[in-house]
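Accompanying notes for the structure given below.
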Amino acid sequence: MNNQEAINHATGRSQYLDDIPVLKNTLYGVIFGSPSARGKIAGLDLSAALAITGVQRIFTQSDIPGKNDIGGIISDETLFAGDEVHYRGQPVALVVADSEHAARKAVKLIKIGINEQEPVTDPRLAKEKGHLLIPSRTFRMGDISAAWNECDYIVEGRADCGAQEHLYLETQGAYSYPVDNGSIRIHSSTQSPTLVQRIAARVLSLPMNRVEVDVARLGGAFGGKEDQATFVAVMAALSSLLLQRPVKITLSRGDDMRMTGKRHPYSADFRIGLTKDYRIKAYSAVLYQNGGAAADLSPAIMERTLFHSTNAYFIPNSEVTVHSCRTNLPPNTAFRGFGAPQGMFVIEAAIAKAAEELNVPARMIQKANFLKDNDLFQYGQVALDVNIGKCYMELDREFKIEQIENEIAEFNRSNSIYRKGMALMPVCFGISFTNTTMNHARALVHIYQDGSIGISTGAVEMGQGVNAKLAKVAAGAFSVDQGRIKIESTNTTRVANTSPTAASTGADLNGNALLIACNKLIERLKGAAAISLGCSTEEITLHEEKVFRNGAPTDMTWEKLIREAFLMRIALTENGHYATPEIFFDKSKEKGHPFAYHVYGTAVVTVVLDCLRGIYRIEKVLIVHDFGNNLNPDIDRGQMEGGVLQGIGWMTMEEVLFDNEGKMLSDSLSTYKVPDIYFAPEILEFRALKTEGPGLALLKSKAIGEPPFMYGIGAYFALHNAIRSFNPSWKPDYQAPLTPERVLMSLYDKK
Ligand code: LUZ
Ligand code: MOS
């Protein structure tokens, strides 16, 4: 596999946060989290904990030199609880001790008195009580009230989808130590080094130049480390600054699952209106986003829900509202898809329900409403290079959708206990941070005297393979062997003011910045070669480690060129800055052109259901996906397979459960089940749609991180159809996840 790091990962040589050799005198921090979900703190007794041998200090809000405020978008979140607690597990104190063992022992002895109030965990109830994180937002197009009168059918219903635990292999962690001049260096397992730097500076009352954040790589993130790596990093920074000693914090799996937010559950009411020929004339929905106790990234996630609330369909009249509801759960956060999967689930539920009432396959409605070139998105962007229809046609040509349907119908006629189901899942996903100002990146390139190359960008490697893509881009630009290239850690002193590695934009933004830096260097190197060879710059090209003149190789190798350029005192370092052109968004009108381009694809998912036990297998996932001009097919394949399986997990077996007191019930891997290799689809095949690829993607290679996740939604509706085949009197409730328990109840539900 063309991933330089793969061997080191597989053999355990890659250094993750917990592998960094610790300095002498390192201390270990363990967080004490609130035992109740809502109330006023009446007393905090640290005496027994402080008496444990090895405990150095216990930090609380009163130790903070700057602001007790870690809110990224909105200032509504504390590092340590103030007078109140808002969710179970909310950090109240940090015990720092000579060993993690001692710190854990001490945490258990902290006594807290809380005057408890009744927690709210249901977003609809929160809305009723007026507990909103931010003002609600609505996207509109056309004339919805007039449109209902033109519909032949109107179908209403409710849809609910659940949370999802990120379950990155590496839990949240940070290692911080004091360096010269009152500064600190933080190694953080974060997707957002600059965010950690900015918030640490705020909490510690330091200027940002005194806070250095370094990230070598993450053991998975999936959005869970876009915002929620910060509190751990800032706690390590705070304690290391105040104690002037190195401090390391690594959350245990249980603490990580209990303290950190998840994918947002959503509850929604929808209304969909169709004409006789299955055209969707009107769609309205109200979605209740369960935000948890603080805003975190919920405002941005809400926005992406709105952007994707009509998925890959053109609906001339629509009105979609999202309420971001404050509840007494850990602040829910970014997770692959970032609110889009939830918005898409709701419209797919609406289509499924309409299909059931009209007694046609949902596919007929889906394909009658695919976006076409020059259609308007709900948010005002003109749809260009739309190929959702092409993906569908290619899928049908390759895999014969009707034949699959017929085989399933035949299977279901001839089986009493086993039933199969199929669903089509189209996806349209916009690429760019929805917040326009975040769409920029920088790259710093050093060519060393020996011809080796060091590259720093703002991109964080989290297993998604961005380093391999960057290396390929630079090697291609310079036309040198990839072995010459080293991708450095992501470090705020080398590349500053970075956006998170998120929104599937890591390769696009950082790769384009890298290309800009490389091209500047190449121009200078060509100038040096021209001087050396006594010709004009236009005659020079670089090709496979050699200087070419007028298309013919010279005896000047890459190494010789670099040596000569160095002796000529030419700068061998360059910085590239890239900001996505063309995009904008006007929030006052909720219209604009927020996305550089869209990723399209269509999947067919089939399942086999055991109707005696309610258990199921994912039989086939067949996809036609638009990769554009695919830069690294191996890495994109990994993202495709991982994304699909993660999406299927969200829709089927992964169930995050809290009780009414806000206590997490699924806080371990014995109670929270994720797909494993045995649950993976027996057949997962995908084809690349042949397209040129958009100019604003990195070398026309479309972003891959998030879009495949949403194919997993097909698994829900495939199961749904299998259940309906067994139990025609079932009244579906469009509740996800469809766990085996819920499937079993549905199979024998006789409402
Ligand atoms: N993060 C973010 C994201 O801050 N803005 C986004 O638009 C986004 N989209 C997807 C995933 N993470
Ligand atoms: Mo993300 S959900 O951090 O792209």
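Rule-based calculations on the coordinates, nothing more; no lab input. Everything numeric in this text was worked out from a predicted model, so none of it was measured. Note that each Cβ is placed from the backbone with ideal geometry, even for glycine, and that neighbours are counted across all protein chains shown.
Quick notes on this structure:
- Restriction of the GluC sites (Glu not before Pro) in segment 367-434 to DSSP coil positions whose beta-carbon has at most 10 other beta-carbons within 10 angstrom yields no sites.
- Ellipsoid equivalent to segment 87-151 - semi-axes via the Cα gyration tensor, in Å: 49, 16, 9
- Gyration tensor (alpha-carbon) shape descriptor, segment 207-337, a/c threshold 1.5: prolate
- Share of Cα-Cα pairs in segment 440-579 lying beyond 17 Å, as whole percent: 57
- Pairs exceeding 32 Å between alpha-carbon atoms, taken from 281/589; 587/663; 469/560; 281/663; 127/591: 587/663; 281/663.
- Of all complete DSSP H helices in the chain, those with a Cα span along the helix axis of 15 Å or greater and a mean Kyte-Doolittle hydropathy of -1.0 or more are 193-204, 230-243, 340-358, 388-399, 401-414, 466-478, 506-533, 633-651, 713-726.
- Viscosity 0.692 mPa s, temperature 37 °C, Stokes-Einstein D of the chain from Kirkwood C-alpha radius, µm²/s: 120
- Helical contribution to [θ] at 222 nm, DSSP H n ≥ 4, -39,500 (n - 2.57), averaged over the chain, rounded to 500: -9000 deg cm²/dmol
- Share antiparallel - DSSP beta bridges, segment 440-579, percent rounded to 5: 85
- Dipole size of the chain about its Cα centre, with +1 on Lys/Arg Cβ and -1 on Asp/Glu Cβ: approximately 640 debye, rounded to the nearest 20.
- Shape class of segment 1-134 from the alpha-carbon gyration tensor: oblate, with a/c at 1.5 or above and b/c at least as large as a/b.
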